[in-house]
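Input: a single structure, listed below in structure tokens.
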Amino acid sequence: MSDDTNQTSYPEENKLGITDKRFINEIESKGVATAEYFIFELDTDIIISSQLICEIHRIAFSELYEWAGKWRTVSVYVGNLIPPEPGQVVQLMYQYIDNLNFKLINSKHTQDHLDCLIFAHYEFVRIHPFNNGNGRTARILMNLVALKLGYKPLELYHRQGDNRNIYINALRLADKGNFELLLNLIRKELTPF
């Protein structure tokens, strides 16, 4: 895994034929910022759907990639995590969306909100529904959930110091069923409007 979860770690084949990693990351960063702005402009009553999730991903990555906004059709590997096979992605995403909307509707207290935010982020990353950009899309989607629950957007890690390593470690522990560190990261960032 690279040093930077907000960037592509190596030049991928892209629509513009760019091979300079820094330039690719610059274009991706602009796309992610545009997708973040997109969710801030949504009505908080919007129902999360597969179309909305694909649109967020498309906005973030379509300038460079043909696969932007489309469920993955290839196997991917993420460190020690082996996401579900591509043939399972559509069904798992529909289950994820149903569960997420159910959790949103039934979240009444702070602990419910925290559980919903953890589910929104971690389960999305676990499924890894897109070829790339899953962590960035998961954080954008988690922020949409935060907005819907009446909170300001969360920043799960900052680029300075060991924050990124703490975030990655939280995801690795969650892979093993221990969500405590991820819960603490989200709780620390949780700020009502």
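Some observations on this one:
- Selection status of Lys152, in contact (Cβ under 8 Å) with a residue 24 or more places away in the chain and not hydroxyl-bearing (Ser, Thr, Tyr): yes
- Some residue of the range 138-161 being under 17 Å from the mean Cα position of the chain (by Cα), more than 24 Å from Glu41 (Cβ to Cβ) and not in a loop (DSSP other than H, G, I, E, B): no
- Within the option set Ile27, Ile59, being touching a Phe, Trp or Tyr at 6+ places or on another chain (Cβ under 7 Å) and modelled with pLDDT of 95 or more holds for one residue only, Ile59.
- So Lys108, is it within 17 Å of Ala120 (Cα to Cα), in a helix (DSSP H, G or I) and without any contact (Cβ under 8 Å) to a residue 40 or more places away in the chain: no
- Just so you know, in the range 118-167 the residues that are among the acidic types (Asp, Glu) and modelled with pLDDT under 95 include one that is surrounded by the most Cβ atoms within 10 Å (Cβ to Cβ), and it is Glu155.
The values are calculated or read from the model by the stated rules, or taken from the named source; none is laboratory data. The structure presented is a predicted model; accordingly, all values stated were derived computationally and were not measured. For neighbour counting, all protein chains shown are included, and Cβ atoms are generated from backbone atoms with ideal geometry for every residue, glycine included.
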